[in-house]
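Shown next, in C-alpha cells, is the structure this report addresses.
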Amino acid sequence: MTPDQFLLSLQKNGPASVYLFLGPEPYQRERCRRALLDAVLGPAPEDRESGLTRVDLSEVPLAAALDDARALSLFASRRVVWIGSADAVLPRGRVATAEADENGDAGDAGQLSAYLRDSTPGVVVVLEASRYGFEGEDKAKLERIQKFFAAIAAHVEFRPFSPDSARTLAQTLAKKVGLQLGLAELALLLDATGGDASRIAVEIEKLHLFTGGARKVTADDIAALVPDAQATTIFALVAALGRGDRMRAFEILDTLAREGEYMPLALTFLATQFRMALVAGEAGLRNASQIQAHFNKLGARMWPERARQIEQTVGAFSKSKLERAVGKLFEADRALRDARPDDRIIMEELILALTAA
C-alpha cells in the first residue's frame, strides 16, 4: 500500500499487528511513523518513552526481537516494537540460503510465521527495510526482502516523489505555513532540492522563518538559503542567451563570479541544456510535456520546469544555431582546461559568440 493508503487505513480501521515498511523515502516514512505512534501510544511523552522499543536486526536476531514483542510490560499496556535493518535477516549467499531451507520453521521465517499466527494483543511490530530502492540494482534486493516477509499482509512502500507530486507537496506545505511562493520561485526551489520531499519541507520552513510570511519569496532568497540553488542561476543565463540578451547574460555571469561559482561546472550545465535542446529539436518535440516524457523514457529524469526551459531554448535557437552553440561550448570547455589568466574571460568570450547576430 502507499503511505496515503496506510494513513487512511490507520484512521478508519486502527493499526494492524505487524507492518513491513519498504523503501528509502524519508519524508513519508517519518509521516507514517508519527501517525502510527500517535494512534497506538498517544501524544504523551511518558507513554512514548515507556511504550516504544527500538531494535536493529544488524545487532539482534529476529527471534529475540519477536520475543521482546511477546513480552508483557508492567509500564505500558500498548506498545510499538520498531525493528530496523530488516534486510539484515536475509540469508547471505548460497550456503546460508541452503541452511535456512534445511532449518525450515526453525529459521527466521518460521519464527515470524509463528508470531503472525499468535501476535501479542496491544503490540504493533514494524519491520523497516529502508536500505534499498525500487529501481536499478536495488530492485532485485528489495524483491528478495518482499518475498522473505511475504507472510506480513501490510506492506507500506515508500517510493521517491514524482516531479508532479513533489510540486504538489511544496505548494501544500507553503500554503500551510503562509509562505508566499510564486511559480517561478517554486520551480527554482524544486530544482535546487532535486524534488527531495524532506529537503523541500526543511527549505520551506527556512524560507518561512526568513521572510516571516510578510512578503513574497524571491529568487535571491532561495539562492541565499537553499544549498545548490546557484545552479538555477545557470538556467537564467541560458534564457538570456536564448533571447540574445547580451547585457543580461553578462549581469548573470557577474553574479555567478561574485558568488564563487566554479566556471567549469557552470559550463557543464550550459552544455547539458544546449545538448538536450538539440536532441529535442531533432526529435521534433513540440512542447514541454513531450520533452519531459521523451527524456524520462530515455532514463534521464526531468522536472517540468526543466522541460519548459529546454522548450524555450529550442524556440529561441534554430538547429544551426544550436549546433554552433554546442561547438562553441566544446571550445570553451577545452580552453578552461588549459593554462589561462581568468576563467571569466573565456565565459565572456562564449557569451559574445552565442549572442552574435
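The values are calculated or read from the model by the stated rules, or taken from the named source; none is laboratory data. None of these values were measured; they are calculated from a predicted model. Heads up, the Cβs are rebuilt from the backbone with ideal geometry, glycines too, and the neighbour counts pull from every protein chain shown. Each accessible area value is taken on the protein alone, full model and side chains, heavy atoms only, with ligands, DNA and RNA left out. Shrake-Rupley method; radii C 1.70, N 1.55, O 1.52, S 1.80 Å.
Counting every pair of alpha carbons in region 103-166, the share spaced more than 21 Å apart comes to 38 percent. Counting Cα-Cα pairs of the chain in 20 Å increments starting at 0 gives whole-percent bin shares of 24, 42, 27, 7, 0.
More than 18 angstrom separation, counting every C-alpha pair in region 275-357; what % is that? Roughly 50 percent, rounded to a whole number. Inter-part distance, region 316-357 to region 3-37, computed on C-alpha centroids, equals 52 Å.
Using a 1.4 Å probe over the heavy atoms of the protein chains, calculate the carbon and sulfur portion of the accessible area of the chain as a whole percent.
Values: 9570 of 18660 Å².
Of the solvent-accessible surface of the chain, carbon and sulfur hold 51 percent.
How long is the gain from ASP56 to GLU205 if the chain were fully straight, where each residue apart is worth 0.36 nm and the alpha carbon distance is subtracted?
50.5 nm
The THR172 and ALA39 beta-carbon pair, evaluated with R₀ = 22 Å, returns a calculated FRET efficiency of approximately 0.50. Between LEU298 and PHE75, the modelled labels are 5.9 nm apart [label points 7 Å from Cα along Cα→Cβ].
If R0 is 35 Å, the Cβ-Cβ spacing of THR2 and ALA214 corresponds to a FRET efficiency of close to 0.45.
Estimate the FRET efficiency between GLU30 and LYS321 by the formula 1/(1 + (r/R0)^6), using the beta-carbon distance for r and 56 Å for R0, to the nearest 0.05. Approximately 0.70, to the nearest 0.05.
Which stretch or stretches of region 42-67 have amide N atoms under 18 Å from the point lying 7 Å from ARG144's Cα along the Cα→Cβ direction? The answer is 57-59, 62, whose backbone nitrogens lie closer than 18 Å to the label point.
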